[in-house]
Amino acid sequence: MQISGKFRHIFFLCSLVCFGCVLSANAPRATAARVRIACVGDSITWGYTITHDRLARAWPGVLQKLVGKKYKSDNFGHSGATLLKKGNLPYWTTPEFKAATKFDPNIVIIMLGTNDTKPKNWKKYGSQFTANAESLIRHFEHLQAHPKIYICTPPPVVRNQKLGIGNPWGINEKVLVHGVIPAIKRAARAMHIPVVHLHGLMMKRATEPMYKYFAHDGVHPDPLGQALMGKIIYRAVFQ
């Protein structure tokens with residue numbers, strides 16, 4: 001029996017609809033893209049001194065646990081990095097800088113400045129810190145995702161004479177408080193981005209003497225300090 005042209009056309013359309021339904025039923029469900037968070041920093045961000053499960057216990061990993069599966073918090077810390085372009089190890093030249101750029105994040109959290117307090121960096125180039133910070137912010141602003149950017153004041157540099165806690169690198173609290181932190185705030189005002197006042201908030205919210213959060217060398221937070229940092233950043237950025 002032959003099918004007329006009109007009915008043949010209807011039959012063809014019905015077949016397409018049924019075939020589409022089968023494909024839809026068997027296709028995997030589409031998932032929303034995760035919000036990408038780039039955690040930019042130095043060895044403090046990287047998790048130096050954490051000997052077990054570093055990525056989970058450094059503050060970017062702590063942040064990941066707090067924000068949940070809708071977000072992807074990646075660690076782009078590089079040990080020894082400076083924000084200063086002429087520092088002894090500029091973040092700009094590191095593989096992590098390139099990786100963070102390629103990541104095309106939706107949110108960028110910058111925590112640099114500790115290594116810039118070293119005398120060989122700050123005495124020579126400290127006057128350039130604000131301009132360099134603005135350049136780094138501008139770099140991330142111009143990425144395709146046009147991310148929301150936050151800049152953190154670095155954590156305290158702690159010294160406890162009784163326990164002999166210090167550091168061999170010349171990193172010091174005085175330059176951090178009177179040089180780096182004011183420069184970070186100036187850059188943030190100029191670029192209209194929020195500051196996470198990590199330095200002050202760590203001292204305010206600590207439930208133990210501050211040196212217990214930096215038990216290794218007074219510069220690098222141990223897991224207790226990293227957990228506190230992650231919580232402070234989470235509250236500042238997401239709450």
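Is the range 123-145 home to any residue that is surrounded by 17 or more Cβ atoms within 10 Å (Cβ to Cβ), part of a loop (DSSP other than H, G, I, E, B), in contact (Cβ under 8 Å) with a residue 24 or more places away in the chain and not charged (D, E, K, R)? So far as the range 123-145 goes, yes, one or more of its residues are surrounded by 17 or more Cβ atoms within 10 Å (Cβ to Cβ), part of a loop (DSSP other than H, G, I, E, B), in contact (Cβ under 8 Å) with a residue 24 or more places away in the chain and not charged (D, E, K, R).
If the condition is being among the aliphatic types (A, V, I, L, M) and either under 23 Å from Leu228 (Cα atoms) or touching a strand residue (DSSP E or B) at 6+ places or on another chain (Cβ under 8 Å) (or both), then the range 120-167 contributes Ala133, Leu136, Ile137, Ala145, Ile149, Ile151, Val157, Val158, Leu163, Ile165.
Take the residues in the range 70-95 that are charged (D, E, K, R) and closer than 20 Å to Arg57 by Cα; name whichever of them is surrounded by the most Cβ atoms within 10 Å (Cβ to Cβ). Steps first, answer last, please.
Within the range 70-95, the subset charged (D, E, K, R) is 70, 72, 74, 85-86.
Restricting the remaining residues to those that are closer than 20 Å to Arg57 by Cα gives 70, 72, 74.
On the way: Lys70: 9, Lys72: 16, Asp74: 18.
So, considering only residues that are charged (D, E, K, R) and closer than 20 Å to Arg57 by Cα, the one surrounded by the most Cβ atoms within 10 Å (Cβ to Cβ) is Asp74.
Restricting Gly68, Gly87 to those that are modelled with pLDDT of 95 or more, over 12 Å from the mean Cα position of the chain (by Cα) and on the phi > 0 side of the Ramachandran plot reduces the list to Gly68. Applying the criterion of being part of a helix (DSSP H, G or I) and touching a strand residue (DSSP E or B) at 6+ places or on another chain (Cβ under 7 Å) to the residues of the range 93-119, the residue that is nearest to Gly179 (Cα to Cα) is Asp116. Can you find a residue in the range 148-156 that is polar (S, T, N, Q) and either surrounded by fewer than 20 Cβ atoms within 10 Å (Cβ to Cβ) or assigned to a helix (DSSP H, G or I) (or both)? Checked against the condition, which is being polar (S, T, N, Q) and either surrounded by fewer than 20 Cβ atoms within 10 Å (Cβ to Cβ) or assigned to a helix (DSSP H, G or I) (or both), the range 148-156 yields no hits at all. From the list Ile50, Ile44, Ile10, the one residue that fits, being at pLDDT below 50, outside any strand (DSSP E or B) and surrounded by 10 or more Cβ atoms within 10 Å (Cβ to Cβ), is Ile10.
The values are calculated or read from the model by the stated rules, or taken from the named source; none is laboratory data. If you're wondering where the values come from, they're calculated on a predicted model, not measured in any experiment. Here Cβ is always computed from backbone atoms with ideal geometry, including for glycine, and neighbour counts include all displayed protein chains.
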